[in-house]
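Written out below as structure tokens is the structure these notes cover.
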């Protein structure tokens, strides 16, 4: 039996995620690179997506909460964003390369701060209060800089990017449902 040669990693919060995309798979393998990543043109400089950057000739993705505004808003002479692409969290990894280079164990931790409602019990009452919480995350995007050479595959956001990040409004369940409906997908 042949061993697994490639592994696909996708997010669960993208309602239009195209998981089995033969064009993406074939293009990544044909590129000769060890990692493929689907990307979209960013809708605005501060969009909550990992942003594609190249630092010291190494491809990397900087998560939106770690990207300084001055870098996110940087434009070229034609007033286009210099860092204009974000990831859809759809990756294809060469398994042999990951294992041979021990890259899976090399992932750093990122400090993330978020507001969360917590239950406060006092004097027989239960109240929800908003608190800043801290957590550490391992992010698959760190594999990009460890692999150093990535095949970026641009997709049309209307067909493949309906993230669910907020309760209401932009990038919410409601906006994702609308995008699904526009694509003729009934749920």
ask   = Hey, what number do you get for the chain at 222 nm if only DSSP H runs of n ≥ 4 count, each worth -39500 (n - 2.57), divided across all residues, to the nearest 500?
value = -5000 deg cm²/dmol
ask   = Share of antiparallel DSSP beta bridges in the chain, in percent to the nearest 5?
value = 85
request  = Do me a favour and compute the ellipsoid semi-axes for region 26-82 from its Cα gyration tensor, root of five times each eigenvalue, largest one first, whole Å.
outcome  = 23, 13, 12
remark   = Computed over the chain: longest principal axis from alpha-carbon atoms vs helix 22-31 long axis, angle to nearest 10 degrees, is 60
Principal-axis tilt of helix 173-182 within the chain, Cα atoms, nearest 10 degrees = 50
inquiry  = Using the Kirkwood radius over C-alpha pairs as Rh, can you work out the diffusion coefficient of the chain via Stokes-Einstein at 20 °C, viscosity 1.002 mPa s, in µm² per second?
reply    = 115
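Read the figures in this text as sums done on the coordinates, not as results from a lab. This structure is a prediction, so every number in the text was calculated from the model and none was measured.
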